[in-house]
Structure formats: C-alpha cells, structure tokens
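The next block holds one structure in the form of structure tokens; read it before the comments.
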Amino acid sequence: MGQRTVTDPGTVQSSEQKTSASPYSLLKWSVFATEVGWCGLLGRDHTVSRLCMGHHSRRDVHEALQRFSADEAHTATDEIEEADWYPALRERLQDYFQGARVDFEDIALDLPPMTAFQTGVIRALQKVGYGEQITYGELARKAGSPRAARAVGTVMAGNRIPVLIPCHRVVASGGKLGGFSAPQGTSLKAHLLQLESRGFDETGN
C-alpha cells in the first residue's frame, strides 16, 4: 500500500466527545495483524481504552488485553466480547503501520484518572504532530514543569494507548531514543519514527 494521508472523520467520534461511551455498553476487543506484529484494541462504543501493539502472536495480545481488563476496577464485572470491534480504526492503524500518513486526533479515548501534571503532559504530547519529535525535557516544559523530565518518562511508560497518544515521539536529549514500553522495545520506537519521517518527507509537509 502506497504512502497516502488517510482521513475518515465520518466514521469516528470527535475528541470532544470523550465521555460519550456508555458505562453500560459492552466492552469489546479486536485482535488483528499489522506490519509491526499483532495488535489489539479494547474499548466500548467508539471509545478506546487500550491499544496493544507489536506482539508476536494473537495469543500474546489476548493475554495482554485480559490482564488489562482484569486490572481495571470498573470492568471487573463487565462482560467482554471479542469481535472485529471498531473496524474503521483497525484499518487506519493497519494503514499507519504500513507507512501511510494517518491522523488519529479525532479518536475518542477513555483515559484513567490523572493528576494535573499527568493531564498537562498528555495534552502537550497530543500537540506533537506526525513526523515531529520532542524531548522529555521539552515536553516537561510545555506541561508547565520544566524540571520534571524524569516524571514525564514515567507518564510515557504508563501510556495505555500508544500511537493514539504518540509517546513514541518523545525522545531523550542528544539524539538518544529513550525508553519504550512495548514488546519490541526501542526497536519498534525507532521503526515508528522512521515510518513517520518517510511519510512526512513524501508529502512535503
């Protein structure tokens, strides 16, 4: 599949509708293959709670999603249905991992309770666009806590929804990658940055 910008705003909710998912709707997951390995989505309605990526097998994704759902107090008694949940987002993710320039800003996210600092970090990170990078220190400064680079790293390590919250774009100073909490570690982080660099160069902006 060639490089292209993928947009389909009619199939997803606006990010301003983050609380629109009903707490009584069925929690669902979807497991699918991509160019970077097996991935999984967990959520309800059109609101994403979790994205797992870069796993070696479908079973690994199942186990990761089961651990996540079991750890969530608000889903402890929920039924969870495996289905091709949110196929529009699945297709966009598959395109992204193939190198297409895809924007996920319109996807509604179900985020856990956060401190004011954590919220500031996530909001600042969401402004870092496709093909861009930011250091931990710079992100701390944009979040209003310029000396909290290490704490920013902790927020990134706890990110449940990578790519949609683009923690891979946060790098260490001096050209170093920094950490990445995914099965393939920093090799996957480097791959995503390379994908975005190529997509950014080919579109010319």
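The values are calculated or read from the model by the stated rules, or taken from the named source; none is laboratory data. Just so we're clear, the structure is a prediction, and the values are computed from it rather than from any experiment. Note that each Cβ is placed from the backbone with ideal geometry, even for glycine, and that neighbours are counted across all protein chains shown. Just so you know, the surface numbers come from the protein's heavy atoms only, side chains and all, with ligands and any DNA or RNA stripped out. Shrake-Rupley method; radii C 1.70, N 1.55, O 1.52, S 1.80 Å.
Miscellaneous remarks
- Spin-label model, ARG58/ARG123: points 7 Å from Cα along the beta carbon direction are separated by 4.2 nm.
- Using the average count of surrounding beta-carbon atoms within 10 Å as a protection proxy, the listed peptides 104-110, 32-38 rank, highest first, as 104-110, 32-38.
- Here the 3J(HN,Hα) profile of region 167-177, calculated from phi with Karplus coefficients 6.51, -1.76 and 1.60 at θ = phi - 60°, is 5, 5, 7, 9, 10, 7, 6, x, x, 8, 6 Hz, Gly and Pro shown as x.
- Net lengthening on full extension, ALA83/THR186 (0.36 nm per residue, minus Cα-Cα): 34.1 nm
- Dividing the Cα radius of gyration of region 116-199 by 2.2 N^0.38 Å, with N the residue count, gives 0.99.
- Entry comment: accessible area of region 116-199 is 48 Å² per residue, from protein heavy atoms only and a probe of 1.4 Å.
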